Amino acid sequence: MNGDIDTLEGLSKHYKDSVPADLREAKSFEWYLEEVYSDPRIARNAHQRVADMFDHYGTEYDEEAGVVEYLMASEDPIHDGENTFYGREVHESIHEFVNKVKSGARGLGPEKRIKLLLGPVGSGKSHFDWMVRRYFEDYTMRDDGRMYTFRWTNLTDVIRDQDPADDVVQSPMNQDPIVLVPQEQRDMIIDQLNESLDAPYTIRNDQALDPASEFYMDKLLAYYDDDLEEVVSNHIEIIRLVASENKRQCVETFEPKDKKNQDETELTGDVNYSKLAVYGESDPRAFDYSGAFCNANRGLFSGEELLKLQREFLYDFLHASQEQTIKPKNNPRIDIDQVIVGRTNMPEYRDKKGDEKMEAFNDRTKRIDFPYVLEYSEESEIYRKMLRNADVPDMHIEPHTMEMAGLFGVLTRIVEPDGGNISLVQKAKAYNGEIDEGDDTDVKKLREEAESKTDIGEGMEGVSARFIGDEIAEAIMDSTHRDRNYLSPLSMFTHFEENLENHGSIPEENLERYHRYLEMVREEYKERAIEDVRHALAYDLDEIQRQGEKYMDHVMAYIDDATVQDELTGREQEPDEKFLRSVEEKLDIPEDRKDDFRQEVSNWVSRRAREGQAFDPQDNDRLRRALERKLWEDKKHNINFSALVSANELDDDERNAWIDALVEQGYSREGAREVLEFAGAEVAKSELEA
């Protein structure tokens, strides 16, 4: 334990340092005016504060994707990365969400709209919503995010029928103290604030006091002969306001109930029956400001599964979003200031979208699609995060395990490409950025083609990361029970195969197709396993360097229409076309594309030479793979593949050397044995078929 928190005194100091210094202090209204003049951002509205919050924790611009990544999502600084989001699509969605909030901050319209996060189950929309609420709480604890409200004091000194229990009353809606100033004078203050404000927005506030505060203000102004200074000096205290979902303060979540139990008072508040006998039914002091919209004022309202609400119940959102007011039953309207976020899944959205009676509600929503991740390497990071955040047994995750899990998930989410020029797996690899130079795969065109085939967008259907994560967890526990301390793709595939039918979120009509995709992933893994075993059995850096230099000598001679010196005789000869093609064919480069590839590697070598770098085929991924496979072809005839399957048929020293080579590639010793046997069997089978 750290030295500063291993005693009660240390813990107490650590806590005290973590809270705002003025959290418990009561200030005067005059103090507030001085503060807001020195820092006008204190008087921001909810959209402006939330917009600044995203920038506060840092941003990075992804030039290739054209997307701003907000570090609170890409790095999660306040939770040490525990809730990091992955995937181009997800960060595009977050970027779009923030843009809508920032547009609302400037008064461009989205401040009067519900931000509706739409996506399939397990796409991360709920978790993102949760993250925004947690960061908003944290932001309001910091100096840059501070906000204030007020409380009425000494009310019984003036208002004769005031309940002594209500001598001190906090602003029921946690309003900004500036609303205590009448609108005409308030506008004069705001004009001065905006003259010194360094922000892309302007301060605006035309809210009326909530009905209870307006009642107190009227009574007190009448008592002090309309002397506002006397009212605020004698009866107003300014206090720090910190968002807290647990306290239902500036952050509120709302969940749908069954139809019989839905009541609009859950949103707008209700009569405080304990005060009816004291104040009477029509008195604003007898109202309980405990509705979800009341609690969310100055911050965030989060509506879970919003479209599951009855149509009539959703009408309350029309005024809340468009007019920024709520109208409780038998009570005056109440102004609100909050970012309203809703979440919904695909079935509810499709149902409400086709309902003509929902036109007004749909018009007041800004949809932000929250699709599944479509890059399998990013998807695999989601599963790694899951393992990092869990108490995982001492389990070694073998190479390709998470990537193959991610690939399976992505295959179920992307649209099958038209024509036969590119396979589904190749499309997934293209989305993952695996496009060789000279490859004519057009990712932008693939995305546009997919968008034209779907009613909403690509990535809005398929297997969720939640399902795959559950199966990885099951596979880990199964390995533990079997006293296996490693998890390989082979054992994971078995769990996928067995449990696809048992998962309630997978439609039955998709099962056959998903099983076919699983076979595609098995085939991809087989190729990668064989490649790893090739690397272990036949890898020779010196030989690859020699073969690479030979290949480049012949390529340069071919391009320059020159000759090359024979290694044995020293005589000049034409470039060895047979040798060149023996290398290029290992990358499936057809005859009519050989010139493009040769020019590509020639340009690469020339560029490195200009930079003073020596030729090294290890630095060119395509050339390295081609040379490795060529070396494998040359050596494989001297390897007994059938012996790989059985340890009894192989010399222990030789087998251990191969296992050591695989361990260097990231395998455990047990996992290396498994992949040797698996790849050996596959290669032996292919050799027999050949």
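The values are calculated or read from the model by the stated rules, or taken from the named source; none is laboratory data. What you are looking at is a predicted structure, and each value in this text was computed from that prediction instead of being measured. Neighbour counts run over all protein chains shown; Cβ positions are idealised from the backbone, glycine included. Heads up: the accessible areas ignore ligands, DNA and RNA and are worked out on the full protein's heavy atoms, side chains in. Shrake-Rupley method; radii C 1.70, N 1.55, O 1.52, S 1.80 Å.
Ignoring ligands, DNA and RNA, how do Lys444, Lys112, Lys329, Lys275 rank by accessible area with a 1.4 Å probe, largest first?
My answer, sorted largest first, is Lys444, Lys329, Lys112, Lys275.
Please report how far the C-alpha centroid of segment 189-266 lies from that of segment 508-586, rounded to the nearest whole angstrom.
70 Å
Taking 0.36 nm per intervening residue step and subtracting the Cα-Cα distance, what contour gain separates Thr265 from Glu572 on full extension?
101.2 nm
Gain in length, Lys329 to Thr480, computed as 0.36 nm per residue apart minus the alpha-carbon separation, to one decimal in nm?
Full extension of this stretch gives 48.4 nm more.
Strictly over 23 Å apart at the Cα level, which of Lys353/Lys427; Lys102/Lys125; Lys526/Lys586; Lys125/Lys353; Lys112/Lys353 would you flag in this model?
Lys353/Lys427
First measure r as the distance between the Cβ atoms of Asp653 and His127, then evaluate 1/(1 + (r/R0)^6) with R0 = 35 Å and state the FRET efficiency to the nearest 0.05.
0.10
For segment 305-453, what D do you get in µm² per second when you plug the Kirkwood radius from alpha-carbon pairs into Stokes-Einstein at 10 °C and 1.306 mPa s?
It comes out at roughly 81 µm²/s.
Under the Kirkwood approximation applied to all pairs of distinct alpha-carbon atoms, what is the hydrodynamic radius of segment 383-490 in Å?
So the Kirkwood estimate lands at 15.8 Å.
Would you mind checking segment 444-476 for residues with the amide N under 17 Å from a putative spin-label position 7 Å along Cα→C-beta of Glu497?
471-472, 475-476
Take every DSSP beta bridge with both residues inside the chain and express the antiparallel ones as a percent of the total, to the nearest 5.
Within the chain, antiparallel bridges account for around 50 percent of the total.
Nothing charged except the Cβ atoms of Lys and Arg (+1) and of Asp and Glu (-1): what's the magnitude of the dipole of the chain about its Cα centre? Round to the nearest 20 debye.
Result for the chain is approximately 1720 debye, rounded to the nearest 20.
For Leu487, which sequence-distant residues (separation of 5 or more, or a different chain) have an amide H within less than 5 Å of its own amide H, given hydrogens modelled in the peptide plane?
His396, Ile397, Glu398
Can you give me the three principal axis dimensions of the chain from its C-alpha atoms, in Å, biggest first?
114, 63, 56
Across bins of 5 angstrom width beginning at 0, how are the C-alpha pair distances of segment 244-348 distributed, in whole percent?
2, 12, 22, 24, 19, 12, 6, 2, 1, 0
For segment 158-317, what value does the Rg/Rh ratio take when both radii are computed over Cα atoms and Rh is the Kirkwood radius, given to two decimals?
Result for segment 158-317 is an Rg/Rh of 1.01.
Rounded to the nearest percent, how much of the accessible area of the chain (1.4 Å probe, protein heavy atoms only) is carbon and sulfur?
About 43 percent, which is the carbon plus sulfur part of the accessible surface.
Roughly how many debye, to the nearest 20, is the charge dipole of segment 506-659 about its Cα centre, given +1 on each Lys and Arg Cβ, -1 on each Asp and Glu Cβ, and no other charges?
Here segment 506-659 has a charge dipole of around 220 debye.
Just to check, using Stokes-Einstein with a Kirkwood Rh over alpha carbon pairs, what's the diffusion coefficient of segment 14-141 at 25 °C and 0.890 mPa s in µm²/s?
149 µm²/s
Ignoring everything except DSSP H segments at least 4 long, calculate the 222 nm mean residue ellipticity for the chain; use -39,500 (n - 2.57) per segment, divide by total residues, nearest 500.
Per the formula, -15000 deg cm²/dmol.
In this model, which of Lys385/Lys636; Lys100/Lys453; Lys352/Lys385; Lys100/Lys385 are farther than 32 Å apart at the alpha-carbon?
Lys385/Lys636; Lys352/Lys385
Net charge within 15 Å of Pro200 by Cβ-Cβ distance, Lys/Arg positive one each and Asp/Glu negative one each, not counting Pro200 itself?
Charge balance in the 15 Å sphere: +3.
Per-residue HN-Hα couplings for segment 293-303, Karplus 6.51 cos²θ - 1.76 cosθ + 1.60 at θ = phi - 60°, whole Hz, x for Gly and Pro?
Rounded to whole hertz, the list is 5, 5, 5, 7, 4, 6, x, 10, 10, 10, x.
Please find the FRET efficiency linking Glu255 to Asp225, where r is the Cβ-Cβ separation and R0 is fixed at 41 Å, and quote it to the nearest 0.05.
Rounded to the nearest 0.05, the efficiency is 0.25.
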